[in-house]
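So the structure is just underneath, and the comments pick up after that.
The values are calculated or read from the model by the stated rules, or taken from the named source; none is laboratory data. If you're wondering where the values come from, they're calculated on a predicted model, not measured in any experiment. Backbone-built Cβ (ideal geometry, glycine too); neighbour counts: all protein chains shown. Ligands, DNA and RNA are stripped out before the accessible areas are found, and what is left, the full protein with its side chains, is counted by its heavy atoms. Shrake-Rupley method; radii C 1.70, N 1.55, O 1.52, S 1.80 Å.
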Amino acid sequence: MDWDEVTRILRLMEENRLVEFEYEDGGRRIRLRRAETHVPIPHAPAAPGPQAAPQSPATPGAGPAGGELVRFRSPLVGTFYRAARPDAEPFVNVGDEVTPDKVLCIIEAMKVMNEVKAEMTGVVREILAKNSQAVEYGEPLFVIEKK
Amino acid sequence: MFSKVLIANRGEIALRIIRACREMGIESVVVYSEADRNAHYLKLADYSVCIGPPPPLQSYLDISRIVSAAEITDVDAIHPGYGFLAENPHFAEVCESCNIRFIGPSPESSRLLGDKVQARELARKLKIPTLPGSEAAARDEKEALEAARRVGYPVMIKAAGGGGGRGMRLAHNDVSLVNNFLAAQAEAGATFRNNALYIEKYIEKARHVEIQILADGYGNVVHLGERDCTVQRRFQKLIEESPSPVVTPSLRKEMGNAAVALARAARYTNAGTCEFLVDDRGKFYFIEMNARLQVEHPVTEMVTGVDLVREQIRIAAGERLSFGQRDVVWNGAALECRINAEDPRNGFKPSPGRIALWIPPGGPGVRLDTHVYSGYTIPPYYDSLIGKLIVHRKSREEALAVMKRALAEFVVEGVPTTIPLHQVVLDHTQFIRGQVDTTFIESYFGK
């Protein structure tokens, strides 16, 4: 299976609202999974949730400008907030430059607002989680092009 | 009744609770660490939430992560399973303060019984026999020596905050008492955050017999008879059975009444277990009460027909016990063999790794509670229990025959397990005759 085929499968998955695809052939196994826009993941019956853009199966990968694309994952299970208050400006938007100390978001866990810092220098390329969405530990929140 | 329950555990017990929820029409949410991400049982729950990295302190023991997962999934209750946070009164308190029902006893009962010194004192007040030993926690080796000399060696040094066989040491004389006392104190402080120790007379020829109880929130308490857990290694149970070969109907009634009295006095609710030692003259002594569901609960389920997990959920939801003591009847004999990923030929060394082939036994009288399968990888971070093989037949003799047959059918390739050890025990005359004591495994199979 080559890159074109993977891309084609991803397109088919999106068109048919498939979340997961697994293929095995002669010991080689490929598993594709599209990001879901909500946690927890319902298992059965599979309810098609709001659709997210298909994600590249590999992370990190090469960005358009050549910088390394890093998927920034949630360090906590909780509720994701893009801003300090509902009426405040988001901490970051797509295209913003970030430094290690820059706060990217807040994860609320047990009524504690935990500021999550970028811990790297780069540019926010994608925001994967929606404001006030529940997120799991390890769930991708942002795509950052590392510098 | 609850509409959604979160399971704060992993492995076979998480699956056991998912099954009960499914049967009761309750949605289940199971939390998992990254080490369990690919486990198939997660798919059997309605929802699953990753809460952290593999180390238990950052996942299955992390109260804030679990409660946060409970909040985002909006559950009514949390079932803690056994181990991890099951007997942590603080966890139960946090659940309560977040308006989430904890499926287990109240924090007060759990705190009282979690302190083994207090539990012993409560038993003594109720005139339930306890082993001679410390009246209060031994603060230093001097007090321990005093207690040990008073009751006579050998003695057990136990952690007040321990239980389930952890934090126990045997001493045969003053020297080993002092040495073991200091080591046990450090260990208890690190493991249970409570370094209080106490001394208990050690009985050499004893059987470990425990009584299962159920208590609702309306003062109804019943006992479901005993489980004999004498076949142990280093205080860890390997085989459990019910009825016990040494418990007569009158002894069952006496021990059952003692367990019920203790549960009432501790204002206990939900499922719990009173552990006793029974000596070679048939006298019993209370050792501790476990404020949780036990690993070996299926043995009781098979002989009584009571689904303990279902009852736990019903009780926590505020329902009354649907039966009284007179309705409890025991049918036949049940045995459980714990299938651990441990190498009995190599000092019971834990053997995590990939299970290349798993062919489970089946047929009449066989129940297998397990979360594993061919291709499953046993993570190295948690305990080594990978399955519980339970059999139930009309008589002990038939149950033993079914267990032997089932063990012979069982194929596990890729990791060593305790199956060969069970086969040796099942063939041993003393075990067949029901004449073992708690030293059986160590004296016949070495430490």
- Note on the structure: When B:Ala171 is run through (1) closer than 24 Å to B:Ala263 by Cβ; (2) in contact with a strand residue (DSSP E or B) (Cβ under 6 Å, 6 or more places away or on another chain); (3) buried (at least 21 other Cβ atoms within 10 Å of the Cβ), the failure sits at (1)
- Query: Out of the residues in region B:410-426 that are assigned to a loop (DSSP other than H, G, I, E, B) and open to solvent by less than 40 Å² (accessible area, probe 1.4 Å), which is farthest from B:Gly387 (Cα to Cα)?
  - Reply: B:Val415
- Item | Listing of strands (runs of 3 or more DSSP E) fully contained in region A:89-147 that carry 1 or more residues being touching a residue at least 40 places away in the same chain (Cβ under 8 Å) and open to solvent by 40 Å² or more (accessible area, probe 1.4 Å) | A:122-127, A:140-146
- Restricting the search to region B:112-135, which residues are part of a loop (DSSP other than H, G, I, E, B) and open to solvent by 60 Å² or more (accessible area, probe 1.4 Å)? B:Leu126, B:Lys127, B:Pro132, B:Glu135
- Message: Suppose we filter B:Val309, B:Val329, B:Val295 for residues that are more than 23 Å from B:Pro379 (Cβ to Cβ) and open to solvent by less than 40 Å² (accessible area, probe 1.4 Å); which single one remains?
- Response: B:Val309
- Message: Take the conditions in contact with a Pro (Cβ under 6 Å, 6 or more places away or on another chain) and open to solvent by 50 Å² or more (accessible area, probe 1.4 Å) and apply them to B:Lys201. Does it pass?
- Response: yes
- Any chance region B:379-400 includes a residue that's at pLDDT 95 or above, part of a helix (DSSP H, G or I) and buried (at least 21 other Cβ atoms within 10 Å of the Cβ)? yes
- Could you please tell me which pairs satisfy a Cβ distance under 6 Å, a separation of 6+ or placement on different chains, a first residue in region B:128-139 that is farther than 26 Å from B:Lys205 by Cβ, and a second residue that is surrounded by 14 or more Cβ atoms within 10 Å (Cβ to Cβ) and hydroxyl-bearing (Ser, Thr, Tyr)? B:Ala137/B:Tyr198
- Task: Collect the residues in region B:83-111 that are acidic (Asp, Glu) and either more than 18 Å from the chain's Cα centre (by Cα) or crowded, with 23+ Cβ neighbours inside 10 Å (or both), keeping them in residue-number order.
- Result: B:Glu93, B:Glu96, B:Glu108
- Might you check whether a residue that is more than 20 Å from B:Arg227 (Cα to Cα) and in contact with an Asp or Glu (Cβ under 6 Å, 6 or more places away or on another chain) occurs anywhere in region B:383-399? yes
- Only residues that are under 21 Å from the mean Cα position of the chain (by Cα), among the small types (Gly, Ala, Ser) and crowded, with 23+ Cβ neighbours inside 10 Å: list them for region B:12-43, please. B:Ala14
- Exclusive hit being more than 13 Å from chain A (Cβ to nearest Cβ), more than 21 Å from A:Phe80 (Cβ to Cβ) and not in a loop (DSSP other than H, G, I, E, B), set B:Glu87, B:Glu96: B:Glu96
- Query: With respect to A:Arg82, is the statement that it is away from every other protein chain (no Cβ under 14 Å), in contact with a Leu (Cβ under 9 Å, 6 or more places away or on another chain), basic (Lys, Arg) and open to solvent by 10 Å² or more (accessible area, probe 1.4 Å) true?
  - Reply: yes
- Item | Selection status of B:Tyr60, of a type in the set (Phe, Trp, Tyr), under 18 Å from the mean Cα position of the chain (by Cα) and over 24 Å from B:Val278 (Cβ atoms) | yes
- Task: Tell me, please, whether a residue that is closer than 19 Å to B:His40 by Cβ, acidic (Asp, Glu), out of contact with any Pro (no Cβ under 7 Å at 6 or more places or on another chain) and touching a residue at least 40 places away in the same chain (Cβ under 8 Å) can be found in region B:359-375.
- Result: no
- Message: If I filter region B:206-225 for residues that are of a type in the set (Lys, Arg) and under 20 Å from B:Ala119 (Cβ atoms), do I get at least one hit?
- Response: no
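Residue-by-condition table, conditions (1) within 11 Å of another protein chain (Cβ to nearest Cβ); (2) free of Cβ contacts under 8 Å to residues at least 24 places away in the same chain:
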residue	(1), (2)
B:Arg10	no, no
B:Ile13	no, no
B:Arg16	no, no
B:Ala20	no, no
B:Glu23	no, no
B:Ser28	yes, no
B:Leu42	yes, yes
- Query: Are any residues in region B:44-72 under 19 Å from A:Phe80 (Cα atoms), within 8 Å of chain A (Cβ to nearest Cβ) and either in a helix (DSSP H, G or I) or open to solvent by 30 Å² or more (accessible area, probe 1.4 Å) (or both), and if so, which ones?
  - Reply: B:Tyr47, B:Ser64, B:Arg65, B:Val67, B:Ser68, B:Ala69, B:Glu71, B:Ile72
- Message: Can you go through B:Phe323, B:Phe235, B:Phe276, B:Phe286 and tell me which one is surrounded by fewer than 21 Cβ atoms within 10 Å (Cβ to Cβ), hydrophobic (A, V, I, L, M, F, W, C) and within 17 Å of the chain's Cα centre (by Cα)?
- Response: B:Phe235
